Amino acid sequence: MSEERQGWRAWIHSGRIEYAGYEWLLMRVAFAMVAWPTLDARHLANFKGLSDPHGMAQFVDLTWMLESGVQAGIAIVAVLHLILYVLNVVPLWACTVLLVTQSLLGTVVNSQGAIHHTSQIVSFVLIGHVVGYGILLCKKRASEALDWRGFELPGRLKLSAPAEVIYSCQQLIAVAYVVSGISKLIRSQGEWISSIPNIVLQLEKTRMMAYYNSLEPPPETAVWAIAMITSYPVLAKVFFAAGLGLELFAFVALFNRKFMAVWGIALIMMHVSITQIMNLGFFYNKWLLAIFWVNVPFWCLVVANLKLKRGAVLVSA
Amino acid sequence: MQNVRNLIARFPFKTGITVGFLCFVIVRHEPTRLGLGFGKDSVKEAEFYPLSSFPMYSKFSSNPIYVYLTDVNDDPIACHKRLGVLASELKKKYDKELRIVAKREGTTSISKLAPRLKAEAGMVTLRWLRKERATEAIAEQNIGPILLHEVILRRDEGNEITKAITLVGEL
């Protein structure tokens with residue numbers, strides 16, 4: 001993206017975003033660290049069977065994944081492919097293996113009688129990787145998707161990264177939010193905002209469920225939120241309408257780096273407030289937004305460069 | 001004009017819309033069924049890991065349910081701390097069983113089901129807890145009979161939250 005434009009034009013200017021090698025490397029390292037808990041098959045040790053087969057488990061028997069030896073094997077495969085992914089070695093193969101592994105693990109977890117969505121955004125980002133590298137194959141840039149010698153040497157960090165792959169991951173994050181927003185409109189028949197006063201019942205429900213998890217006192221912020229929503233229902237509707245807007249129009253953030261950073265921070269703040277009020281973590285959402293949308297290292301460098309330029313102007317003056 | 005073209009080029013036409021559409025596809029086995037979850041009742045069915053319609057908190061019920069466990073002395077059991085099962089997971093399982101019973105009985109209102117029908121769903125949930133989900137934890141701690149309680153939350157005319165508690169199973 002042309003970053004030379006100044007003033008308001010710089011904010012609305014859109015176009016292909018070019019990423020430096022160092023940004024892509026930091027994204028991969030951070031993503032591997034965040035995604036690891038979802039790929040660690042040892043968390044299946046608590047399960048005895050697949051009481052309610054979900055997704056692929058409806059068609060293929062996945063009970064073999066519950067054997068402890070198998071779980072250790074899957075964990076080793078995941079670690080090896082995370083290392084390949086970070087080193088950028090045969091990235092299409094590495095990401096495909098990680099996606100299949102993560103999907104199988106998620107399927108087993110969701111086959112226990114209750115559907116969880118906690119780590120689903122990690123799968124979405126993995127789909128983004130596979131699609132992105134697939135696009136590179138279609139563009140006859142197979143070496144970038146399948147290269148055995150793709151690991152970054154210090155000199156290569158200054159080169160550009162595969163923008164198609166990064167953009168594909170960013171798109172998939174947007175998809176998760178837009179789909180969630182559309183589901184809210186469909187299921188509530190367009191009355192999601194007007195039913196906001198009932199959210200106090202949900203808050204009380206999650207507060208009490210948090211209590212029955214551990215029998216420790218639940219967070220008091222939920223009590224405060226219940227009182228606020230009951231006292232100021234219109235204000236609550238405006239607040240939640242803003243959240244719905246952030247979800248439904250999340251694709252707007254894809255237009256340029258600035259939009260993505262601002263939108264990403266807004267979504268992270270939305271998740272932080274939900275965590276405070278409803279005790280729902282959104283660990284993966286917060287981190288993936290910070291990694292792929294906000295892209296913290298890039299903005300740190302921009303700020304550092306600005307300070308350097310100002311320093312140079314002051315010295316020359 | 002170039003700006004408009006750039007904006008359109010950045011719109012996620014291909015990957016975004018394709019995956020977004022797939023998120024609403026319903027895939028069911030026995031009987032094999034392929035459909036679209038764009039209806040208010042079907043959107044929740046569009047779940048096929050890794051794809052999902054993300055229907056959580058898509059509707060704020062006026063009478064939501066949660067459940068909790070107690071022992072025979074009516075002392076609450078910390079379901080996650082002691083059994084490794086989240087209260088939300090327990091609630092989802094009970095809710096699912098309630099919906100199966102409600103469908104069989106030809107009704108959609110699960111909160112108005114007769115106590116004996118709720119007890120049927122409650123017993124299935126407790127059997128699942130004892131025989132599949134927390135078998136080892138229950139055996140290790142030598143936990144005796146477990147009671148499952150359902151709580152229905154409502155708002156009264158003064159906007160105060162009321163709770164209707166029902167015992168729905170003991171195993």
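The values are calculated or read from the model by the stated rules, or taken from the named source; none is laboratory data. Keep in mind the model is a prediction, meaning the values are calculated, not measured. Positions of Cβ are backbone-derived with ideal geometry, glycine not excepted, and every protein chain shown enters the neighbour counts. To get the accessible areas, we keep the full protein, side chains included, count just its heavy atoms, and leave off ligands, DNA and RNA. Shrake-Rupley method; radii C 1.70, N 1.55, O 1.52, S 1.80 Å.
Suppose the filter is within 8 Å of another protein chain (Cβ to nearest Cβ), within 30 Å of A:Leu248 (Cβ to Cβ) and in contact (Cβ under 8 Å) with a residue 60 or more places away in the chain; does B:Pro55 pass it? So B:Pro55 fails the test.
Restricting attention to region B:135-161, the residues that are more than 9 Å from chain A (Cβ to nearest Cβ) and more than 21 Å from the chain's Cα centre (by Cα) add up to 11.
I'd like to know if region B:58-78 contains one or more residues that are more than 9 Å from chain A (Cβ to nearest Cβ) and crowded, with 19+ Cβ neighbours inside 10 Å. There is no residue in region B:58-78 that is more than 9 Å from chain A (Cβ to nearest Cβ) and crowded, with 19+ Cβ neighbours inside 10 Å.
If the condition is being small (Gly, Ala, Ser), in contact (Cβ under 8 Å) with a residue 12 or more places away in the chain and within 8 Å of chain B (Cβ to nearest Cβ), then region A:179-217 contributes A:Ser180, A:Ala210. For B:Thr107, the stated conditions hold: it is more than 9 Å from chain A (Cβ to nearest Cβ) and surrounded by fewer than 16 Cβ atoms within 10 Å (Cβ to Cβ).
Are any residues in region B:110-142 open to solvent by less than 30 Å² (accessible area, probe 1.4 Å), within 19 Å of B:Tyr66 (Cβ to Cβ) and among the hydrophobic types (A, V, I, L, M, F, W, C), and if so, which ones? Let's see the steps before the verdict.
From region B:110-142, those open to solvent by less than 30 Å² (accessible area, probe 1.4 Å) are B:110-111, B:113, B:117-118, B:121-122, B:125-126, B:128-129, B:133-134, B:137-138; that's our starting set.
Pick out the ones that are also within 19 Å of B:Tyr66 (Cβ to Cβ) and you get B:110-111, B:113, B:117-118, B:121-122, B:125-126, B:128-129, B:133-134.
Listed by number, the residues that qualify are B:Ile110, B:Leu113, B:Leu117, B:Ala121, B:Leu126, B:Trp128, B:Leu129, B:Ala134.
Annotation note: Cβ proximity below 7 Å between a residue of region A:98-122 that is farther than 20 Å from A:Tyr177 by Cα and a residue that is surrounded by fewer than 22 Cβ atoms within 10 Å (Cβ to Cβ) and of a type in the set (Ser, Thr, Tyr) (sequence gap 6+ or interchain) occurs for A:Gln112/A:Ser51; A:Gly113/A:Ser51.
Filtered by the rule that a residue be buried (at least 24 other Cβ atoms within 10 Å of the Cβ), under 17 Å from A:Phe282 (Cβ atoms) and more than 9 Å from chain B (Cβ to nearest Cβ), region A:98-144 gives A:Ile121, A:Val125.
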